[in-house]
Amino acid sequence: MSLFEYDIGDRIRGKRGEYRVKGRLGAGGMGACYLAEDTDSPRPVVIKTLQANLAQKGGAREAFELEARGLMALHACPNIVQVFQLDQTKEGAPFYLMEHLSGLSLRQVLKRKKLPVDIAIGIGAGLASALEFAHNKQVVHCDVKPENIFIVQRDDGPMVKLLDFGVMKAKLVSGGYGGAAGTAAYMAPEQLRKEDVDQRADLFATGYVLYEMFSGKHPFPVRDEAGAMVRIDKLPVPLAEIARDIPWQVVNVLDDLIKGLCAPNRDRRAKDASEILVKLHEAKRALGRLGKKDVHAASTNPMAPPEELIAQMTGVVDDEALAGKTDPMLDLSSEPELEAAVAMSADDSAPSAALDLSTRERDMVQNFDKYVKVVPGKGVVVRNKPKEPEESFYERNMVAIGVACATVAGLVFVAVYYLFSRGKL
């Protein structure tokens, strides 16, 4: 096999450095990801490569380098995976280095259990913070979904990271983004129709992600674009009808937010990610008034103007203010089992495994966000909470059934009385 067609040996030598390969994390239709060490330092890094047969093709190479440069432009945001440098081997095969993350993807978390509302709000705020920063840099992600949202264990607590900008679109001088690929289940209607996209496509997908976190299910589960076309002009069923565990004071705010994000007509959608942050703050305040645990460690001023409010919630003010700072911590302490599972995934003593990854060939390889530590079978196990029994039809309509029965009985009585009085009985 030629270089970067997955068997690359134990070292990758670039023009700017040399890296010791420790193992392959996964491979997709366009490339692969490897866990490696910089030979000049012991820090672990992830190396993302492009297949050799694609490296000579202008379109694939351009998209690969666009992803790397786009991520480097977003390095100041703590909620976006960090890319250190773009390099190439002496043979000309491109690759880039990014930070190694230890934690769980949001998809893995959702498979374990339905998230408590306060934790879902915290994850949503971290995602919105990442998107706001990217959109301000004229970058549209185009593939927001739970697989690309990572909960990372840091020394100062868990944190949300947005990953995999492989199908992103960077705004050109002409002002257009062009049609974009993505994942059918989270595509906005304009993506499905192959129209030009802007940041509102990311907001649409975020609405679906929020819905999935708060309800425990996708609003329109589909496997392909043909299936997604069926819901192209539909809104999700309101959370108030299916997420009965969320207090009405909170669910009304969330429904208003999701309706604004998932509008089929993008002109009726939210305009930017700051609107998500404002609404999530409103839901957070409603939880606070109900005595629920505050989702952020840092307090916010409820009377602050939107700009100050967003800065308080996310730590996002400008590039200089962001450098070296972190987003207000996502607090998992109310869910000790989940907190322990995320912490276990960052423990180097725990066994690790690379997941078997596969993507559609037109997508950029989506591997680095899938590297996780396997929780030992005898270690912490996060069990699904038992589902609350659903009310039967008769329980839900007891009053109506009672009224109907009384009405029928009354009519029968009147009919019998009438016939009796006429001597016909």
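The values are calculated or read from the model by the stated rules, or taken from the named source; none is laboratory data. All values reported here derive from a predicted model rather than from experimental measurement. Virtual Cβ from ideal backbone geometry, glycine too; neighbours counted across all protein chains shown.
Here are the numbers for this structure:
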item	result
Count of segment 265-275 residues which are assigned to a loop (DSSP other than H, G, I, E, B) and within 17 Å of V144 (Cα to Cα)	5
Test set (1) modelled with pLDDT of 90 or more; (2) out of contact with any strand residue (DSSP E or B) (no Cβ under 9 Å at 6 or more places or on another chain); (3) within 27 Å of Q138 (Cβ to Cβ) - C77 fails condition number	(2)
Qualifying residue in segment 70-84 (condition: in a strand (DSSP E or B), under 13 Å from V46 (Cβ atoms) and not assigned by TED's automatic domain parsing to the domain that holds V250)	yes
Where a residue in segment 1-27 is closer than 16 Å to Q51 by Cβ and its partner, wherever it lies, is part of a loop (DSSP other than H, G, I, E, B) and modelled with pLDDT of 75 or more, with Cβ under 7 Å and at least six apart	L3/E91; L3/A93; F4/Q51; F4/A93; E5/Q51
Spans of helices (runs of 4 or more DSSP H) in segment 165-249 with at least 3 residues under 21 Å from E282 (Cβ atoms), at pLDDT 95 or above and hydrophobic (A, V, I, L, M, F, W, C)	199-215
Members of segment 197-215 found to be within 13 Å of the chain's Cα centre (by Cα) and farther than 17 Å from L235 by Cβ, listed by number	D202, M213
Cβ-Cβ under 6 Å pairs, at least 6 apart or on other chains, segment 74-85 side free of Cβ contacts under 8 Å to residues at least 40 places away in the same chain, far side surrounded by fewer than 19 Cβ atoms within 10 Å (Cβ to Cβ) and polar (S, T, N, Q)	H75/Q82
